[in-house]
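Below is one structure, written out as structure tokens; comments come after it.
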Amino acid sequence: MHDKPSPHQEKHKAFELALRLLSLRQHARYEIREKLRLKGFSNVAAEHTIQRLDQLQLLDDLAFSTGFIRSRCRTKPSGPYKLRYELRKKGIEEEVIDQALDGFDSWEECKKAAIKKLPHLKGERQVRERKLQAHLMSRGFDNEVIREVLSELQTGA
């Protein structure tokens, strides 16, 4: 017969799991909390773990968000709307998202995404342009930025 672990043991196991998760990559507070709950840890153990990680300065939602944006822009260029949406899903607060997106060059990222997608588009010029515009909008870029980038790409500047 298996005994339920004591609250102390549960907190210890939750903390060890969180450390393992953080050894793989940075995580947001919300991600750690949810992963602990999915593994069956109590809310008390999850919150205790978050507090300990905070005390040890192992959780930083701003650093996580900044790294997430940098990584996403390297692998799958995305606009501020999509990045904001994805960070919200990870439990990041609005003011932290605003700080992380401060200095984000939407125009440059949109241009990178357009250049990456262009060779894969088929059809007449207008059809390719519409497909590219739809692709860039789905990636979270602003309509005005998309128009500016498409205009520059057409003129070859």
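The values are calculated or read from the model by the stated rules, or taken from the named source; none is laboratory data. Predicted, not measured: the structure shown is a model, and the values here were computed from it. Here the Cβ positions follow ideal geometry from the backbone for every residue, glycine too, while neighbour counts run over all protein chains shown.
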Considering residues that are acidic (Asp, Glu) and surrounded by 17 or more Cβ atoms within 10 Å (Cβ to Cβ), the number found within segment 15-36 is 1
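Residue-wise test of (1) in the same structural domain as Phe15 (by TED's automatic domain parsing); (2) among the charged types (D, E, K, R); (3) over 30 Å from Ser23 (Cβ atoms); (4) in contact with a strand residue (DSSP E or B) (Cβ under 6 Å, 6 or more places away or on another chain).
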site	(1), (2), (3), (4)
Gln51	yes, no, no, no
Phe68	no, no, no, no
Thr75	no, no, no, no
Gly79	no, no, yes, no
Lys89	no, yes, no, no
Leu121	no, no, yes, no
Val127	no, no, yes, no
Asn143	no, no, yes, no
Val149	no, no, yes, no
Restrict the check to segment 3-24 and report whether at least one residue is in contact with a Phe, Trp or Tyr (Cβ under 9 Å, 6 or more places away or on another chain), modelled with pLDDT of 95 or more and under 30 Å from Met137 (Cβ atoms). no
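Got a sec? Which of Ile97, Ile115, Ile92, Ile146 is among the β-branched types (Val, Ile, Thr) and surrounded by fewer than 15 Cβ atoms within 10 Å (Cβ to Cβ)?
Values: Ile97 fails: surrounded by fewer than 15 Cβ atoms within 10 Å (Cβ to Cβ); Ile92 fails: surrounded by fewer than 15 Cβ atoms within 10 Å (Cβ to Cβ); Ile146 fails: surrounded by fewer than 15 Cβ atoms within 10 Å (Cβ to Cβ).
When all the criteria are applied, what remains is Ile115.
Would you check if Lys39 is at pLDDT 95 or above and basic (Lys, Arg)? Explain how you work it out, then say what you get.
Details: at pLDDT 95 or above: yes; basic (Lys, Arg): yes.
Yes; evaluated as a whole, the condition is true for this residue.
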With respect to Phe68, is the statement that it is modelled with pLDDT of 95 or more, within 30 Å of Gln133 (Cα to Cα) and not hydroxyl-bearing (Ser, Thr, Tyr) true? yes
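Is it true that some residue in segment 92-107 is acidic (Asp, Glu) and within 11 Å of the chain's Cα centre (by Cα)?
The first filter runs over segment 92-107 and keeps only residues acidic (Asp, Glu), leaving 93-95, 98, 102, 105.
Retained after the next criterion (residues that are within 11 Å of the chain's Cα centre (by Cα)): none.
No.
Would it be correct to say that Ser6 is farther than 22 Å from Arg88 by Cα, touching a Pro at 6+ places or on another chain (Cβ under 9 Å) and of a type in the set (S, T, N, Q)?
It is false that Ser6 is farther than 22 Å from Arg88 by Cα, touching a Pro at 6+ places or on another chain (Cβ under 9 Å) and of a type in the set (S, T, N, Q).
Free of Cβ contacts under 8 Å to residues at least 60 places away in the same chain and in a loop (DSSP other than H, G, I, E, B): is that true of Phe64 in this structure?
Numbers: free of Cβ contacts under 8 Å to residues at least 60 places away in the same chain: yes; in a loop (DSSP other than H, G, I, E, B): no.
Criteria not met by Phe64.
Working only within segment 28-73, note down all residues that are acidic (Asp, Glu) and under 15 Å from Gln9 (Cα atoms).
Of segment 28-73, the ones acidic (Asp, Glu) are 31, 34, 47, 54, 60-61.
Listed by number, the list holds a single entry, Glu47.
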Could you say whether any residue in segment 38-49 is surrounded by 14 or more Cβ atoms within 10 Å (Cβ to Cβ), at positive phi and not polar (S, T, N, Q)? no
Got a number for residues in segment 18-49 being among the aromatic types (Phe, Trp, Tyr) and either assigned by TED's automatic domain parsing to the domain that holds Lys89 or within 20 Å of the chain's Cα centre (by Cα) (or both)? 1
